[in-house]
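The structure appears right after this line, and notes come after that.
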Amino acid sequence: MNESDPNNSRLWLRDDGGVRVLNRGYSTEENSWKEAEGKAYFAKGPDQGYLKVSFFGPFYGSYIVFELDHVNYQYSLVSGPNKSYLWLLARSPKINEDTKDKLISKAAALGFDTKKLIYVEHE
């Protein structure tokens, strides 16, 4: 589980109605940037945050957006198909502590084990 998106994920619409996903992260061990391009499709319609995402051919995983900053799109809470995956994604390396606490409390109330969150250091 991650508190922030270490891969700097970006989304673009695809011609086939899906979404292009680009995950980018820096490897300190290799002193270089890594990228992975994938594709996502809305599982229940474009007005719902249920996506199926693939980075490896025909294999798809769930990406469920269950909390979103609808005003400025600065943060979101995302899970996999069950409560074993949770990400608190933010557009900036730092998130307001009150906002972070509110989001973590919401995830805990929904049954996620927020004690397992890994906080990524951004320098």
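None of the figures in this text is laboratory data; all of them are computed from the coordinates on show. Remember, it's a predicted structure, so these values are computed and weren't measured experimentally. Because the Cβ atoms are built from the backbone with ideal geometry, glycine has one as well, and the counts that use them run over all protein chains shown.
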Checklist entry - What full-extension length gain, to one decimal in nm, is calculated for Asp113 and Lys39 as 0.36 nm per residue of separation minus the Cα-Cα distance? => result 23.8 nm
Next on the checklist: Loop only by DSSP, 14 or fewer other Cβ within 10 Å of the Cβ. Give me the GluC sites (Glu not before Pro) in the stretch 13-59 that pass, ordered by residue number.
Outcome noted: Glu29, Glu30
Checklist entry - Any idea how far apart Glu30 and His122 come out in nm if each label point goes 7 Å out from Cα toward Cβ? => result 2.3
Next on the checklist: My understanding is that a pair violates if its Cα-Cα distance is over 21 Å; which of Lys39/Lys115; Lys34/Lys116; Lys34/Lys106; Lys83/Lys115 do that in this structure?
Outcome noted: Lys39/Lys115; Lys34/Lys116; Lys34/Lys106
Item to check | Cα centroid separation - the stretch 25-75 against the stretch 88-123, whole Å | outcome: 17
Item to check | Residues Trp87, Trp33, sorted so that the one with the fewest Cβ neighbours within 10 Å comes first | outcome: Trp33, Trp87
Item to check | trypsin sites (Lys or Arg not before Pro) restricted to DSSP loop in the stretch 19-100 with at most 14 other C-beta within 10 Å | outcome: Lys44, Lys83, Arg91, Lys94
Checklist entry - Fewest first, what order do Leu51, Leu117, Leu110 take by the number of other Cβ atoms within 10 Å? => result Leu110, Leu117, Leu51
